[in-house]
Amino acid sequence: QVQLVESGGGLVQPGGSLRLSCAVSGSIFSIYAMGWYRQAPGKQREVVATITSGGMTNYADSVKGRFTISRDNAKNTVYLQMNSLKPEDTAVYYCNADLKTTIVTKRKNYWGQGTQVTVSS
């Protein structure tokens with residue numbers, strides 16, 4: 001059983017910062033790419049940032065220069081540092097991990113339960 005547990009969401013004023021964390025636990029053989037996605041009310045889920053096991057990163061244009069994704073492979077944890085937050089960043093943020101549970105199983109995507117980020121004055 002694999003679990004992804006996010007933390008760090010909340011209410012912040014425009015221009016403020018938040019740091020999201022996502023810890024992966026359970027039966028894990030290897031974690032490949034990890035990422036953060038978000039879904040605002042009435043909109044489709046969209047990718048925010050991704051990071052490979054080797055540390056290569058990609059960002060949505062809307063967050064480049066403001067958000068930073070990082071990971072601690074020893075702790076099976078991925079982070080999202082969000083600075084200069086804007087009201088349009090308001091959404092539920094989901095953690096994603098591409099992993100194998102054993103050496104013989106196929107890679108599979110797992111999702112966290114989501115954490116609410118609200119940017120408002």
SASA check, S30, accessible area w/ 1.4 Å probe, all protein chains in place, rounded to nearest 10 Å², comes out at 40 Å²
Place a point 7 Å from the Cα of A23 in the direction of its beta carbon; the residues of region 39-81 whose amide N falls under 16 Å from it are 71-80
Rule-of-thumb check for the chain: C-alpha Rg over 2.2 N^0.38 Å?
-> 1.04
Convex hull projection area averaged over all views, region 22-79, Cα basis, nm² | 4.8 nm²
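What ranking, highest mean first, results for peptides 56-62, 89-95, 100-106, 21-27 when packing means the other Cβ atoms within 10 Å averaged over each residue?
Ranking the peptides 56-62, 89-95, 100-106, 21-27 by packing returns 89-95, 21-27, 56-62, 100-106.
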Anchor K75: lysines whose Cα lies under 26 Å away (excluding residues fewer than 8 positions away in-chain) = K64, K100, K106, K108
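The values are calculated or read from the model by the stated rules, or taken from the named source; none is laboratory data. None of the values given here were measured: they were computed from a predicted structure. So basically every Cβ, Gly included, is an ideal-geometry build from the backbone, and we count neighbours across all protein chains shown. Side chains are part of the model used for accessible areas, which takes the heavy atoms of the whole protein and leaves out ligands, DNA and RNA. Shrake-Rupley method; radii C 1.70, N 1.55, O 1.52, S 1.80 Å.
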